[in-house]
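Dumping the structure here so I can ask a few things about it.
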Amino acid sequence: MITAYLTHPDCVLHHMGPEHPESPLRLEAIRARLSLSGLLQQTMQGDAKEASDEALARVHPLRHLHALEKCLPSEGIVTLDSDTMMNPDSLKAARVAAGAVIRGVDQVFKRQADNVFCAVRPPGHHAEAADAMGFCFYNNIAVGAAHAKATYGARRIAILDFDVHQCNGTIDIFKNDPDVLICTSFQYPFYPWRYLRSEWQNVVNTPLEVGTGSEEYRRVIERHWLPALHAFKPDLVMLSAGFDAHKEDPMGDICLEDEDFYWVTHLAMEIAALYADNRVVSVLEGGYNPTSLASSAEAHIKALLGLPFTDAP
């Protein structure tokens, strides 16, 4: 498999204070681990470009985009909600994060890569159409999906989100959209405390009880997601790759291991091989223990590259 690895130096410029868990160190931890293992060198590395206003406006109203820009401080940090803050470079970082997913979609449809991992921050899946929240400003994966629809005529986009938190933003944007299937597994009950009930035909909610481990996780994913995916037959598979359901992550209480992220990535790739000409675009969401984030991302990249899973020495 040809796997593209997209990021941008501006992604580390955004910070929300020294104690905030969504920090630039997250990307540095992933890059260091992948470089040390030699996996990074096996990918096709590239830089993202900023998403345009037009691309962002496909999923976020212009008035909301302008309101966010008005909040941007000239120095220091401003608070949008209890856990989401902006510094002068936050929207620059958010634009390249969304732009990475756009470039990833371009690469798989132009056959420049089989699949793509966007190592970007800030994350995006909590950003609703008109509400920045949960560390997120623009909904990166939604911007990419809307680009696939507008530019390549994609009509069956599957978004699989395995972050420990449910993708309320992605649901807010695409609920009742017959062109998009959203499968989301998440600790329940838990943040974001909205959209947690399955009220839309195109949303497969898979709530996980506190303490859910590998065996139960794989069983419920196979039972809930696979029938929906086979019925939908996606022409593009997109992954909101959050690694905070790892047993070592401080943000949640789900007990997954590195190999589970390899497994769910491989499951997505099998669906893409059947229906989507192998097209998979993955974007980083959560993961807040630098060590487990890096090892989980390594497992994820191994799967994307078509390599076997082996425990690190």
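No value in this document is a laboratory result; all are computed from the given coordinates. For clarity, every value in this text was computed on a predicted model and none was experimentally measured. Reconstructed Cβ throughout: ideal geometry from the backbone, glycine too, with neighbour counts over all protein chains shown.
Only helical DSSP H runs with n ≥ 4 go in: add -39500 (n - 2.57) per run for the chain, normalise by residue count and round the 222 nm mean residue ellipticity to 500 deg cm²/dmol.
The helix-only estimate for the chain comes to -12500 deg cm²/dmol at 222 nm.
A further question on this structure: For a test of the definition: using alpha carbon positions, the gyration tensor, and the 1.5 limit on a/c, classify the chain as rounded, prolate or oblate.
Judged from the Cα gyration tensor, the chain comes out rounded (a/c under 1.5).
Applying the Karplus parametrisation 6.51 cos²θ - 1.76 cosθ + 1.60 with θ = phi - 60° to the phi angles of the stretch 184-193, what ³J(HN,Hα) value in whole Hz is obtained for each residue in order, glycine and proline being reported as x?
9, 9, 6, 5, 9, x, 5, 3, x, 6
Rounded, prolate or oblate: which fits the stretch 59-203, taking a ≥ b ≥ c as square roots of the Cα gyration tensor eigenvalues, rounded meaning a/c under 1.5, else prolate when a/b beats b/c?
oblate
Is the C-alpha gyration tensor of the stretch 1-114 telling us rounded, prolate or oblate? Criteria: a/c under 1.5 is rounded; beyond that, a/b larger than b/c is prolate, otherwise oblate.
It comes out oblate by the Cα gyration axes.
In whole Å, how far is the Cα centre of the stretch 106-143 from that of the stretch 41-82?
Rounded to whole Å, the Cα centres lie 11 Å apart.
Mind scanning Lys70/Lys110; Lys110/Lys233; Lys233/Lys302; Lys70/Lys175; Lys70/Lys233; Lys149/Lys302 and naming the pairs with a C-alpha gap bigger than 31 Å?
Lys70/Lys110; Lys70/Lys233
Stretch Glu54-Tyr152 to full length: gain in nm at 0.36 nm per residue minus the Cα-Cα span?
Here the answer is 33.7 nm.
Right, another one. Under 5 Å between amide H atoms, partner at least 5 residues away or on a different chain: which partners does Val204 have, H built in plane at 1.01 Å?
Long-range HN contacts for Val204: Ile182, Cys183, Thr184.
Another question, then. Below 8 Å between Cα atoms, with a sequence gap of 6+, how large is the relative contact order for the chain in percent?
20 percent
If you place +1 on the Cβ of every Lys and Arg and -1 on the Cβ of every Asp and Glu, how big does the dipole about the Cα centre of the chain come out, in debye to the nearest 20?
That gives the chain a dipole magnitude of about 980 debye.
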